[in-house]
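Inspection log for the structure reproduced underneath, given as structure tokens.
The values are calculated or read from the model by the stated rules, or taken from the named source; none is laboratory data. This structure is a prediction, so every number in the text was calculated from the model and none was measured. As a convention, Cβ positions derive from the backbone with ideal geometry for all residues, glycine included, and neighbour counts pool all protein chains shown. What goes into the accessible areas is simple: the full protein's heavy atoms, side chains included, and nothing from ligands, DNA or RNA. Shrake-Rupley method; radii C 1.70, N 1.55, O 1.52, S 1.80 Å.
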Amino acid sequence: MELRLAGRMGLLGTETAFEVLARAKALERQGRHIVHLEVGEPDFDTPDNVKDAAIKALRDGFTHYTATAGLWEAREAVAEHVSRTRGITAAPEEVVLTAGAKPIMFFAMLALVEPGDEVIVPDPGYPIYDSMARFAGGVVRPLVLREENDFRVDPDEFRRLVGKRTKLVVLNSPHNPCGSVLSRDDLKAIAAGVADTPAWILSDEIYGRITYGVEAASLASLPGMQERTIILDGFSKAYAMTGWRLGYGVMPAPLAERITQLATNATSCAAAFTQIAGAAALRGSQDSVDKMVAEFRRRRDFIVQGLNGIEGITCRTPLGAFYVFPNTKAIDPDSARFASFLLTEMGVAVLSGTAFGPNGQGYLRLSYANSIPNIEEALRRIAEGVARYRAAAKA
Ligand SMILES: Cc1ncc(COP(=O)(O)O)c(C=O)c1O
């Protein structure tokens, strides 16, 4: 049967992390040992109080459909949590729970972006923003994040990009892949930039709990911004729940209703028992989150120091998330080639910066959601690989 796909499928991108993981697994099946620094998920287990809540929920019969936007109790828990952590007032009617946070990106783009509308996305940035914006027919305007600016938004550049044609601005702080965190001044400049435009903001705050000595403020907390902001957050990163598939969006109620309608068409609802577990995660002890973040901080310091000790690599110290984004231009300006060499020759799985947009060229993304001994081994292999690479380039 001839496969004649709809034209829009040509606009759809993907997330390279899953492809690199598949290549690494294939090498492992051939008997190779691989250190995994490619995957974007905590290596910690979901906290016990959350698992216990899920098991109890299953026993209590939470095995059926729920309202599409979520169980009222779960929407209340999210509204309370978001109100407290962002310093805003969010109501349960403004919360939509979804199977992972990712669908909020998809639904927000489908609900808001008309063909030809401009969508501002960070570059480097999480690749699904670009993919979904194009899929919805939007025109992507990359907002370049530069190393010399600690990979934060440059207010002047932002002002030049935003205008009457801008329908949606995607922000991500703390940032994947760069680990940068926007300051309150950055957010003020962004708020001023959008004030006289029709632009909505999709504020991806999924790494909001994972910061090192700084606050990751939400744009929604600035005057006049909550009414045009969709906060995207979830359980995957803070509570090590990537496999549970639970996330949420918080947005003005009229938009929440239409996003809910999209969810009714797509998935009906998120799994009932995960919603009960999610409420328990938000309302219960946060000790496990604090412990995990403290351990990430130790690993961040270790990997940054190790990378900066390798000739040809320079690495800034990120303030959030669990990624480093070292500059490897002096070793190979072609990051995809260098990443491929590290995987196939040295057994270290990392992502090329170009997996996050053209402005990731010259950088790698390494996830330090892995143990210190594994990171140490990866650093040893990278250093050896760099020496071999340079010797081969000279020869
Ligand atoms: C920036 C960013 N936003 C959203 C997500 C998706 O989160 P979830 O697993 O809850 O769908 C990820 C996952 O890697 C991410 O890095």
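Quick notes
- For region 198-282, taking Cα atoms only, Rg and Dmax work out to 14.1, 42 Å respectively.
- Positive end of the dipole of the chain (Cβ unit charges, origin at the Cα centre): among T68, A321, I259, the Cα lying farthest that way belongs to A321.
- All C-alpha to C-alpha distances of region 1-152, sorted into 10 Å bins beginning at zero, yield P(r) values of 8, 21, 30, 29, 11, 1 percent in whole numbers.
- Within region 119-255, DSSP assigns beta bridges of which about 20% are antiparallel (rounded to the nearest 5).
- Surface/4 of the Cα convex hull for region 95-209, nm²: 7.0 nm²
- Longest site-free stretch - the chain; sites: chymotrypsin sites (Phe, Trp or Tyr not before Pro), DSSP loop, at most 16 other Cβ within 10 Å: 66-395
- Scanning residues 5 or more positions from V35 or on other chains, those with amide H under 5 Å from its amide H are V348, A349, with H placed 1.01 Å from N in the peptide plane.
- Computed over the Cα atoms of the chain, pair by distinct pair, the Kirkwood hydrodynamic radius stands at 21.7 angstrom.
- Mean residue ellipticity, 222 nm, helices only, the chain: the sum of -39500 (n - 2.57) across DSSP H runs of n ≥ 4, divided by residue count and rounded to 500, is -13000 deg cm²/dmol.
- Sparse packing (at most 13 other Cβ atoms within 10 Å of the Cβ) combined with a DSSP loop state is found for the following trypsin sites (Lys or Arg not before Pro) in region 28-58: R32.
- Hits among aspartates and glutamates - C-alpha to C-alpha of K188 under 13 Å, sequence gap 8 or more where chains match: D154, D156
- Working from Cα pairs under 8 Å separated by at least six residues, relative contact order for region 48-283 is 31 percent.
- Centroid-to-centroid, using Cα positions, region 311-357 and region 201-229 are 28 Å apart.
- Calculated Rg and Dmax of region 289-395 using C-alpha coordinates, Å: 13.5, 49
- Distance violations [Cα-Cα > 18 Å] among K237/K291; K102/K237; K329/K394; K56/K237: K56/K237
- Solvent exposure of the chain as accessible area per residue, Å², 1.4 Å probe: 43 Å²
- The accessible surface of the chain, taken with every protein chain in place and a 1.4 Å probe, is 52 percent carbon and sulfur.
- Bridge type composition, region 48-283 - antiparallel percent by DSSP, nearest 5: 30 percent
- Count Lys and Arg as plus one, Asp and Glu as minus one, and take only other residues whose Cβ is under 13 Å from that of A192; the net charge is then -1.
- Cα-derived Rg to Rh of region 48-283, Kirkwood definition: 0.97
- DSSP assigns beta bridges within the chain; of those with both partners inside it, close to 45 percent run antiparallel.
- Using θ = phi - 60° in the Karplus curve 6.51 cos²θ - 1.76 cosθ + 1.60, the 3J(HN,Hα) couplings for region 209-224 round to 7, 10, 10, 10, x, 10, 9, 9, 6, 9, 4, 4, 7, 8, x, x Hz; x is entered for Gly and Pro.
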